[in-house]
Amino acid sequence: MSMHRRRFLQLATAGLALASNRAGAQAKGRVVVIGGGYGGATVARYLRLWEPSIEVDLVEREPAFVSCPLSNLVIGGHASIDDVSRGYAGLAKLGVVVIADSASAIDPARKTVRLARGPELRYDRLVVSPGVDFLFSAMPNYEAAAREGRVLHAWKAGAETVALRKRLEEMRDGGVYVLSIPLAPYRCPPGPYERACQVASYFKKAKPRSKVLVLDANEDITSKGSLFRRAWAELYPGLIEYQPNAVAVDVDGAARTVKLELDDVKGDVLNVVPPHRAGEIAAAAGLITHNQRWCNVDWRSMESTAVPGIHVLGDATLAAPAMAKAGHMANQQGKVCAAAIIAMLAGRPPNPEPVYLSTCYSFVSATEAIHVASVHQWNDKEKTVTIVPGANGISAARSEQEGRYAWAWARNIWADMLA
């Protein structure tokens, strides 16, 4: 009987505590990973690749991984949701037990994870990679408007991505699409400006009398600003209006209005992205340490500074200086975390000087892209991760070659995460 089949039968037994009395060799330990995104999938895969004796359970509520990077192409009509989706079968083949469920509670003292529907999971080390949840309380009427289908954020790739595309297709020519950006930090700094490009690309072809209105709570474009401004001016003259320092404080779904601090803005399609925080399970487990939003970690191991034995990855972390909340960065964190857990379970210290690499592509048209890249390393003097001097920069200009690189990057990193 395969290891995957044996573990599946263990999990299927109601109330089983998942003890480690499996037949065969004693495992070095069991790691539970909550969340199957860029960080969680990567750490699960590399734990199995680098130390197959470690048992790995991956808890993920969604049936497939849907990438936030490149999902704006779906909104622009230049890709399908299937183009940016991948399954978890490759991880299962490596012996990762993929559990289609949600984590409802963590008990650090007992080292257990309670599932919404399944049995309790025991762990020796826990990895929490929950992504983000939204601070809807910042906009009192947002949730009601969302339930009525009058406002979308589409900042978690999947059903809302497809829904936003449908809204744009249904919108009248001459209508206004309003995109509201929260104050940084938020998931994927260049993502909103890429989205403005993608919607403008669609309007230019199909609804040329329409308009993209960008309401940015920040003082200026937060990433690749000069490149985005040039793309807007050269590719979409008159289509995109950008307003900085425009903080959304509420929405009125019935009136199709975004309420700013000093003004109200009407639109035909409201795409309002609320402020973020670490995912709910991180909050419930006491992992949030900063501004009631983010989780601080030791960057040499990705271990929480608040709760020993638990590692936090991805957008949920309190980012180091100049470190973006980005998919590639979460992937890198997953590898650093996997190496650290293997060392710690064996009684060794983790690598004292880990390195993190990140490249982030943004499509400004159907085929042209731009990028920003950086290399980060543990800085013992600063006691955090900092950019390696001279190891960061952005594209000289947009190009179709960069667009080809972007798709190659995506296919390679998805394979790296998901086998």
Note to self: Using only Cα atoms and rounding to the nearest 10 degrees, what angle (0 to 90) does helix 400-418 make with the longest principal axis of the chain?
What the structure shows: 30 degrees
Notebook entry, point to check: In whole percent, how big is the carbon plus sulfur part of the accessible area of the chain, probe 1.4 Å, protein atoms only?
Noted result: 51 percent
Check: Which translational diffusion coefficient, to the nearest whole µm²/s, is obtained for the range 163-316 from the Stokes-Einstein equation, given a Kirkwood hydrodynamic radius over C-alpha pairs, 4 °C and 1.567 mPa s?
Finding: 75 µm²/s
Check: If you work out Rg/Rh (Cα atoms, Kirkwood Rh) from the coordinates, which of [x] 0.96; [y] 1.14; [z] 0.98 do you get?
Finding: [z]
Notebook entry, point to check: Once the Cα atoms of helix 159-170 and of the chain are each reduced to a long axis, what angle between those two axes, in degrees from 0 to 90 to the nearest 10, is obtained?
Noted result: 20 degrees
Notebook entry, point to check: What accessible area per residue comes out for the range 147-228, rounded to a whole number of Å², with a 1.4 Å probe?
Noted result: 37 Å²
Notebook entry, point to check: Plugging the Kirkwood radius over Cα pairs into Stokes-Einstein for the range 50-194, at a temperature of 10 °C and a viscosity of 1.306 mPa s, what D comes out in µm²/s?
Noted result: 87 µm²/s
Checklist line | Paramagnetic reach from K204 in the range 161-179 [backbone N under 16 Å; point 7 Å along Cα→Cβ] | finding: none
Next item on the list: Tell me the trypsin sites (Lys or Arg not before Pro) within the range 332-393 that lie in a loop according to DSSP and have at most 16 other beta-carbon atoms within 10 Å.
Entry: K381, K383
Next item on the list: For E148 and W50, compute 0.36 nm times the residue count separating them, minus their Cα-Cα distance, and round to one decimal in nm.
Entry: 30.5 nm
Margin query: Calculate log10 I(q)/I(0) of the range 86-149 for q = 0.22, 0.25 Å⁻¹, where I(q) comes from the Debye formula with a single equal point scatterer on each Cα and nothing for solvent.
Written below: -1.00, -1.10
Note to self: Let me spell out the model: positive unit charges on the Cβ of Lys and Arg, negative unit charges on the Cβ of Asp and Glu, origin at the Cα centre of the range 242-358. What dipole size does that give, in debye rounded to 20?
What the structure shows: 400 debye
Margin query: Take the chain, mark every one of the GluC sites (Glu not before Pro) that falls in a DSSP loop and has at most 11 other Cβ within 10 Å, then report the longest stretch left between them, sites excluded.
Written below: 1-147
Checklist line | Global size of the range 131-222 as Cα Rg and Dmax, reported in angstrom | finding: 13.6, 37
Check: GNM on the chain, C-alpha springs below 10 Å: top fluctuator among G131, G87, G403?
Finding: G87
Next item on the list: At a 1.4 Å probe radius, which order do S102, S226, S137, S301 fall into by accessible area, largest first?
Entry: S137, S226, S102, S301
Checklist line | Value of [θ]222 nm, deg cm²/dmol, for the chain, DSSP H segments ≥ 4, -39500 (n - 2.57) each, nearest 500 | finding: -8500 deg cm²/dmol
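Taking a threshold of 23 Å on the Cα-Cα distance, which of the pairs K166/K325; K28/K93; K156/K383; K28/K335 fall above it?
Cα-Cα > 23 Å for K166/K325; K156/K383; rest within.
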Item checked: Reachable aspartates and glutamates, given that their alpha-carbon falls under 14 Å from the alpha-carbon of K205 and they are not under 8 places away in the same chain -> E169, D173
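The values are calculated or read from the model by the stated rules, or taken from the named source; none is laboratory data. Please read these numbers as outputs of a predicted model, since none were measured by experiment. Cβ sites come from the backbone with ideal geometry, for glycine too, and all protein chains shown count toward neighbours. To get the accessible areas, we keep the full protein, side chains included, count just its heavy atoms, and leave off ligands, DNA and RNA. Shrake-Rupley method; radii C 1.70, N 1.55, O 1.52, S 1.80 Å.
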